[in-house]
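Student: One structure coming up, written as structure tokens, with questions to follow.
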Amino acid sequence: MSDISDYADQLQADVISDMAESFFGDRKELDNALEAFAAMVEEFLPVIENLFRAAATLRLLLLDEATADAFCAELGLESCRIPPSEGAPILVHQSLPFALTGKGRYVHCVEAAYRGLFDALRDYIHGRCYNDPKRPGRKRMTMHYKRLEEIADIINEKIHKANNDRSVSSVLREMKNMNPEQMEREDLLGDVCYRRGEGFDSDMCFMPIDFDGYHFPEVVELPPLNEVEPALKRFCKRVYAERPDDVRKAVDTFRGR
């Protein structure tokens, strides 16, 4: 009988040990996931900066907000399709296709700025493939909005489970339920400090990722240049005819002069 009792005690101890190891292992995994997510956000910041710079570049050539709105209307886009520049510096383009006239140079500049914003929006939303410098032949994807959003959802789901399904109080109750003698002694003594465990749960719960709190820009992709090129050229020629001096100044700034 003693051997059976010893075996039962050892089995109980092993089960409790496994429960504790699993519990703290899950929490360590969440700590690592939250730390990794913070690093991903840092990696994403240059992508946001490039988006702002690309937007600033196109807005420079469109002269002002009213002209930018007219540009979007001409191309059949909503005015919100050009993101705000947030005070970012422009992307200078010193090399452009040759044009005989100022009007032609302006068209080339706006086309280049449009392509730059198109690429920046694509990289921001979907990312861009590149060759892994550490592993030749392997492709990697730059950090992008959709990936961050998906990862935040996955981590938050794990946090919800840890805070509710595997809370501190629930694990303590499971451990106590495996020791009826201890439970009986605590009931007689009136010791119910682990019965609810709200204090432990609130102190040790994980805070979910507030993805909206990052205030990442909400953007919409642009159509490819070839789909809007006729309207773009028509618009640029009209703006150049109406405001040649303003256009020349913007083009000089765009080309770093």
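The values are calculated or read from the model by the stated rules, or taken from the named source; none is laboratory data. Being a predicted model, the structure only gives us computed values, none of them experimental. No Cβ is skipped: glycine too gets one built from the backbone with ideal geometry, and neighbour counts run over all protein chains shown.
Student: Examine the stretch 35-58 for a residue that is in contact (Cβ under 8 Å) with a residue 24 or more places away in the chain, closer than 16 Å to Phe235 by Cα and crowded, with 17+ Cβ neighbours inside 10 Å, and state whether such a residue exists. Show your work before the answer.
Tutor: Kept after step one, since they are in contact (Cβ under 8 Å) with a residue 24 or more places away in the chain, are these residues of the stretch 35-58: 37, 40-41, 43-44, 47-58.
If we keep only those that are closer than 16 Å to Phe235 by Cα too, we end up with 58.
Then drop every residue that is not crowded, with 17+ Cβ neighbours inside 10 Å, which leaves 58.
Yes: one or more hits.
Student: Additional query: Could you list all residues from the stretch 224-254 that are aromatic (Phe, Trp, Tyr) and closer than 19 Å to Ala55 by Cα? Steps first, please.
Tutor: Filtering the stretch 224-254 for residues aromatic (Phe, Trp, Tyr) gives 235, 240, 254.
Answer for the stretch 224-254, where residues must be aromatic (Phe, Trp, Tyr) and closer than 19 Å to Ala55 by Cα: Phe235, Phe254.
Student: Pairs under 9 Å by beta carbon, first residue acidic (Asp, Glu) in the stretch 98-114, partner crowded, with 23+ Cβ neighbours inside 10 Å and assigned to a helix (DSSP H, G or I), six or more apart or different chains?
Tutor: From the stretch 98-114, the pairs are Glu111/Cys236.
Student: Tell me the helices (runs of 4 or more DSSP H) entirely within the stretch 180-257 that contain at least 3 residues that are at pLDDT 95 or above and surrounded by 14 or more Cβ atoms within 10 Å (Cβ to Cβ).
Tutor: Values: elements: 180-189, 198-204, 225-242, 244-254.
Where helices (runs of 4 or more DSSP H) fall fully within the stretch 180-257 and carry at least 3 residues being at pLDDT 95 or above and surrounded by 14 or more Cβ atoms within 10 Å (Cβ to Cβ), they are 225-242, 244-254.
Student: Assess whether Lys134 counts as being among the charged types (D, E, K, R), in contact (Cβ under 8 Å) with a residue 40 or more places away in the chain and surrounded by fewer than 19 Cβ atoms within 10 Å (Cβ to Cβ).
Tutor: Numbers: among the charged types (D, E, K, R): yes; in contact (Cβ under 8 Å) with a residue 40 or more places away in the chain: no; surrounded by fewer than 19 Cβ atoms within 10 Å (Cβ to Cβ): yes.
No: the conditions fail for Lys134.
Student: Another question, if that's okay. Quick check on Thr101: is it within 18 Å of Arg257 (Cα to Cα) and polar (S, T, N, Q)?
Tutor: Working: within 18 Å of Arg257 (Cα to Cα): yes; polar (S, T, N, Q): yes.
Judged against the criteria, Thr101 is a match.
Student: Keeping to the stretch 70-105, report how many residues are outside any loop (DSSP other than H, G, I, E, B) and surrounded by fewer than 16 Cβ atoms within 10 Å (Cβ to Cβ).
Tutor: Narrowing the stretch 70-105 to residues outside any loop (DSSP other than H, G, I, E, B): 70-75, 79-81, 102-105.
Checking which are surrounded by fewer than 16 Cβ atoms within 10 Å (Cβ to Cβ) leaves us with 73, 79-80, 102.
Residues meeting the conditions: 4.
Student: Please go through the stretch 14-56 and give me each residue that is modelled with pLDDT under 95 and of a type in the set (Lys, Arg), ordered by number.
Tutor: Arg27, Lys28
Student: Within the bounds of the stretch 111-124, is there any residue that is in contact with a strand residue (DSSP E or B) (Cβ under 9 Å, 6 or more places away or on another chain), on the phi < 0 side of the Ramachandran plot, of a type in the set (A, V, I, L, M, F, W, C) and not in a loop (DSSP other than H, G, I, E, B)? Explain how you work it out, then say what you get.
Tutor: Keep residues of the stretch 111-124 that are in contact with a strand residue (DSSP E or B) (Cβ under 9 Å, 6 or more places away or on another chain), which gives none.
There is no residue in the stretch 111-124 that is in contact with a strand residue (DSSP E or B) (Cβ under 9 Å, 6 or more places away or on another chain), on the phi < 0 side of the Ramachandran plot, of a type in the set (A, V, I, L, M, F, W, C) and not in a loop (DSSP other than H, G, I, E, B).
Student: Among the numbered criteria (1) farther than 25 Å from Glu49 by Cβ; (2) touching a Phe, Trp or Tyr at 6+ places or on another chain (Cβ under 9 Å); (3) modelled with pLDDT under 95, which one does Tyr106 miss?
Tutor: Here Tyr106 meets the rest and fails (3).
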